[in-house]
1. Which far-off residues, 5 or more places away or on another chain, put their amide H under 5 Å from the one on VAL177, with H placed in the peptide plane?
2. What's the ranking of 104-111, 196-203, 185-192 by average number of surrounding C-beta atoms within 10 Å, highest first?
3. Kindly identify the stretch 51-141 as rounded, prolate or oblate by the Cα gyration tensor criterion: order the square roots of the eigenvalues as a ≥ b ≥ c, call it rounded if a/c is under 1.5, otherwise compare a/b with b/c, prolate if a/b is larger, else oblate.
4. Are any of the pairs LYS178/LYS230; LYS131/LYS178; LYS101/LYS196; LYS119/LYS230; LYS101/LYS131; LYS196/LYS230 more than 25 Å apart by Cα-Cα distance, and if so, which?
5. If packing is taken as the average number of other Cβ atoms within 10 Å across a peptide's residues, how do 134-141, 169-176, 77-84, 60-67 rank, most packed first?
Amino acid sequence: MPLPNTLWVRILIVIVATVFLATLFRQARFGNWKSLTINFKKNSARPTASIERYRESPPSLEAHFVPPDLERQDYREWNARTLRDLHSCIALDNCGPNQRKVALLAAHWFQQAVVEGFKGGNGIWGISVYKNLRRLGYTTLFATSFGRTRYYVFQDHSLMSLAEEALFQYRMFPDLVKVVIRNMAGECHKDPQCVKSPSNPTGIPAWKIFDFEFFASHGHHRGASLLKGKWILSANPDDLHHPHFRQPPNPTLLG
């Protein structure tokens with residue numbers, strides 16, 4: 001009689017060992033996004049949203065993708081993971097309360113600070129904004145350009161206009177994008193190919209674009225927001241008492 005029991009014990013040991021080895025192999029090959037993110041000492045801006053407020057894509061889906069490489073520091077890999085989270089929660093109808101609300105972080109300081117570990121003044125501010133959006137469960141996407149960025153690409157120094165990244169992201173799901181945060185927002189306001197208008201119905205509405213300025217300015221530099229007032233986000237409370245802002249509305253203080 002003890003033989004059958006011994007056989008079942010051996011079978012159970014084999015099953016447990018197989019599962020354990022398979023798990024080790026998967027982590028060694030693909031990494032573990034969540035554990036790597038939590039233990040990543042170089043980057044203090046890891047995603048912090050709780051599972052109740054933000055639903056990650058299920059493991060059965062993530063098994064088919066390679067997670068972001070935290071050493072490569074490519075913000076597009078972070079965006080890809082975020083988009084999978086958004087698409088899967090919409091398909092499964094289990095998104096967090098704010099997860100269907102997308103914030104496009106279109107100032108380069110966001111991705112430089114969050115993904116690359118930049119610790120400059122605007123980077124620290126950008127990390128704070130990013131972490132609080134994540135903590136509230138919003139979907140965040142990084143972009144590094146705005147309007148129509150020009151680059152020297154030919155030997156004769158002629159210019160080529162490249163498609164704008166944030167505009168491309170906005171057009172993927174315009175109804176879900178609630179805010180576009182960008183320095184020099186006026187570049188889009190003045191660009192007929194960027195801002196929404198009768199001639200450009202798929203552009204970004206001007207009222208969705210918030211200017212990201214530590215030292216706020218009402219139109220006193222190239223690319224300043226044309227909307228002014230509350231559409232300017234500033235981390236410097238001293239600017240609220242500047243002569244430029246004696247007439248309301250004042251900039252929005254975002255510490």
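Every number here is computed from the coordinates shown, using simple stated rules; none is lab data. Note that the structure is predicted; figures quoted are calculated from it, not measured. Please note: Cβ atoms are built from the backbone with ideal geometry, for glycine as well, and neighbour counts cover all protein chains shown.
1. Excluding prolines and chain starts, which carry no amide H, the hits are VAL102.
2. Details: 104-111: 26.1, 196-203: 11.6, 185-192: 20.4.
Peptide ranking by packing, descending: 104-111, 185-192, 196-203.
3. Numbers: a/c = 2.56, a/b = 1.44, b/c = 1.78.
Here the stretch 51-141 falls in the oblate category.
4. Details: LYS178/LYS230 15 Å; LYS131/LYS178 17 Å; LYS101/LYS196 20 Å; LYS119/LYS230 27 Å; LYS101/LYS131 15 Å; LYS196/LYS230 20 Å.
In this structure, LYS119/LYS230 lie more than 25 Å apart at Cα.
5. Numbers: 134-141: 21.0, 169-176: 15.4, 77-84: 18.6, 60-67: 12.9.
Ranked by mean Cβ neighbours within 10 Å, highest first: 134-141, 77-84, 169-176, 60-67.
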